[in-house]
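Take a look at the structure below.
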Amino acid sequence: MNCSISTPRERRAYLPFYCLCLLGTVLPSTFFGQAAPAAATTTAPAVVAVAAAVPTPELLGSDKVGPVILRDETVAQMLELLQRWTGKSVLRPQALPANVYTLSLPASITRDDALLAIETLLNLNGIAVIQQGDKFLKVVPNLVAKAESPTLLMESTLKMPPSGRIASKIFTLKHASGQEMVLQISGMLNSTLASPPIYFARNNALLVTDSITNLQKVENLVLQLDRPQLDVIATKTYSLTNAVATDLVNKLTALLRTPAATGGAPFRLSTGTSFTADERTNRIILMGSADQHEFFDKLINTLDSASAPNTKTDVIALRHSDATQVATMLTQLVTGQVAAATKASGTTKGSPSARAATPVAAIPVAVAAPSAAGAAQAGADEFSNTVTVLPDIRSNSIIVSGTKDDLRLLRDLIDKVDGLLPQVRVEVVIAEVTLTDSDTSGISSLNMTVTNGKLTSIGGTFLSAAGANGSSLGGLAGGQATINSSGNLTGIIGLATTPAKNDARILSCPAITTTHNKEATIFVGESLPVITGVTSTANTSSSTGLTTSSTVSMRDIGIQLKVLPLIGKDGAVQLQVSQSVEDIIDHVMVDGNSQPIIGRRTTDSFVSAMSGEIIVLGGLQRRQKIKSTSRLGPIPFLSDLFGGSQSDETRTELVMFLRPYVLTNTAADNIDGLNRVDASSLGPEARQVLDRIPGQPVAAPAKK
């Protein structure tokens, strides 16, 4: 080892050291790192020309200690130099990393710079130098340096000379985040110390253990970063004209801070940039770098521009359909389509079950605020999730709300649904036929032929659907006559109900008009009072001590016919017919009141016929016993004594004839009705009213 001390006053103190150096010149050259024979290699370490280290406290930091040339020296020799130049005793454990050291320092090197080089070289080789008071230095492996209580520095390290000596320091942060700082400086510290910075969240402080040099670097970094950012933040407000501040802030957040759907990072903004909505003044408050103002000026101005609303509301008047039924149908259709589209796309737009299929329940938007993409149309024939359908019963209209495509689809659907349904006029003849013992039914008694529920002939005379209005006979091949079924139904049935025989009589001849799938009702009869309840109250003035009062309600008794038609495009009519016949068959006394015994006969039928065909329904028979007495002369006693009496049982059957006519919405639908008017006694007067042109006076009837 060659050490040159340049300070004159140190030459006398280091005279023994010089002698040893001179002695080293005659020793094998391996001491200086040169090549030597193999035999001399084993003896070189034993002849180390390093005297016992004697601290020299009088050596100043600016004193020259160079030149220094070390070649493959041991750690012990490095520690001897450290002890000599610091003037402090070095304490070391038995085991230290066994590395060799090589170092070359110029002649102008000072003591402080030489110590920095020695301590740094030791640190690089896994050895930490720790200050122990004023007189000692402790050297330990880097892995245990933290556990060996390194010096905790309370003052600034920037006033200390750079050194590889290990120490600890607490950095308390005022503005920066200590947790973020730990992540940033961890890669800048000595990894062999196995001592990452310790973060104290409560105090926002860091405990860093490393060399003086690294601690100085961390302190400089903290001084630069731990400062308020208000000096670079500029505040600007934007007053909005068309947009809502809260909605616009949500859009800015989605554009600038939300990651892309593909996983890409959002647009990067400067540190500290924020935008907040002031709902009271409808303004946006922007805080950030002034360099961003131009960008936000253009973006907010674009988003705040006036534009047509995404949704519109319209009122669609119905001509033929019921608004409540149409609204219910449309609501169910839209709800089902939106739910199916949501399920297919795998997204959640709100619970489909929450969309009640009622005409007054609007189709709601998604539970969360809908984004621009959520309100867009998924397809040309699909509804958006902003559709609302409500009925206006007063005007029989549908109030719809949604996008332009939604309104277009709804109008098309309503135009198709709101068509005029086909109508049918059902002529009914209700006849009561008295049956004899040989008659099995009223139809056979009237000498009618019924095939598949349809009247085909009367007394051998066939029915023909063609012909002019009114009952008429025509010829057929073979001499058979026909009856035009297009004539008056009462006249046709009257051919079979001969009054002279007194075996049939027509009870009623009503006619009803209804639309497709709309039930119509015919009732022929009377309303009778019927006691439905009796109430007794205490009354001391009454002989029985009770006062009895009866509850009376009116009961319809007669013939009721309900017809539900289903009209096909080819003129076929399917009729669901419900018949109910009620009549009084006897009386009974109930609590001193005479109450009628009501007989009831009902049938339900489902028949099909073409327009103009006559349908016959029978089978509602009733048996009735009639007792008669013949009297002799004016004296009742003698008449009863000598006169005769007999009891007869009669059978009657109700036979109903129905003829449906599918109306064509032309003048031909009124021909039969006008013929009936003309045949009545009020025909001329009625004709004047019916034939009058609106806006012209009524002409006086012609005198007969």
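The values are calculated or read from the model by the stated rules, or taken from the named source; none is laboratory data. Just so it is clear, the model here is predicted, and its values are computed rather than measured. Positions of Cβ are generated from backbone atoms using ideal geometry, with glycine treated the same way; all protein chains shown enter the neighbour counts. The protein model used for the area step is the full one, side chains on, heavy atoms only, and it has no ligands, DNA or RNA in it. Shrake-Rupley method; radii C 1.70, N 1.55, O 1.52, S 1.80 Å.
The set of residues in the range 508-536 that are open to solvent by less than 40 Å² (accessible area, probe 1.4 Å) and closer than 25 Å to V552 by Cβ comprises L528, V530, G533. What residue, among those in the range 177-205 that are open to solvent by less than 20 Å² (accessible area, probe 1.4 Å) and either of a type outside the set (A, V, I, L, M) or more than 30 Å from G61 (Cα to Cα) (or both), is modelled with the lowest pLDDT? The residue in question is S195. Number of residues in the range 302-323 that are part of a helix (DSSP H, G or I) and surrounded by 12 or more Cβ atoms within 10 Å (Cβ to Cβ): the value is 2. Inclusion of S541 among residues that are outside any strand (DSSP E or B) and either open to solvent by 80 Å² or more (accessible area, probe 1.4 Å) or on the phi < 0 side of the Ramachandran plot (or both) is warranted. The residue of the range 277-309 that is farthest from K236 (Cα to Cα), among those that are of a type in the set (S, T, Y) and at pLDDT 90 or above, is T302.
Tell me, which residue of the range 676-694 that is open to solvent by 70 Å² or more (accessible area, probe 1.4 Å) and not in a loop (DSSP other than H, G, I, E, B) is nearest to A511 (Cα to Cα)? Only one residue tops the list, namely R676. In the range 602-621, the count of residues that are modelled with pLDDT of 75 or more, of a type in the set (S, T, Y) and within 30 Å of I531 (Cα to Cα) is one or more. Contact map, the range 396-413: first residue on the phi > 0 side of the Ramachandran plot, second residue surrounded by fewer than 18 Cβ atoms within 10 Å (Cβ to Cβ), Cβ cut-off under 8 Å, separation 6 or more or different chains; pairs are N396/A317; N396/D322; G402/T311; G402/K312. Note on the range 310-333: residues that are at pLDDT 90 or above, under 23 Å from E382 (Cβ atoms) and of a type in the set (V, I, T) amount to 5. Within the range 545-559, the set of residues being more than 12 Å from P529 (Cβ to Cβ) and modelled with pLDDT of 80 or more comprises G558, I559.
The strands (runs of 3 or more DSSP E) located wholly in the range 372-491 that include 1 or more residues which are within 30 Å of G336 (Cα to Cα) and modelled with pLDDT of 70 or more occupy 388-392, 397-402. When L223 is tested against (1) of a type in the set (A, V, I, L, M); (2) under 18 Å from L116 (Cβ atoms); (3) not in a strand (DSSP E or B), exactly one condition is not met: (2). Filtered by the rule that a residue be touching a residue at least 40 places away in the same chain (Cβ under 8 Å) and either β-branched (V, I, T) or open to solvent by 30 Å² or more (accessible area, probe 1.4 Å) (or both), the range 279-288 gives T281, N282, R283, I284, I285, M287.
Among the residues of the range 145-162 satisfying the criterion of being in contact with a strand residue (DSSP E or B) (Cβ under 7 Å, 6 or more places away or on another chain) and open to solvent by less than 80 Å² (accessible area, probe 1.4 Å), which is modelled with the lowest pLDDT? Checking each candidate, the answer is E148.
A residue that is under 30 Å from L152 (Cβ atoms) and touching a residue at least 40 places away in the same chain (Cβ under 8 Å) occurs nowhere in the range 101-109.
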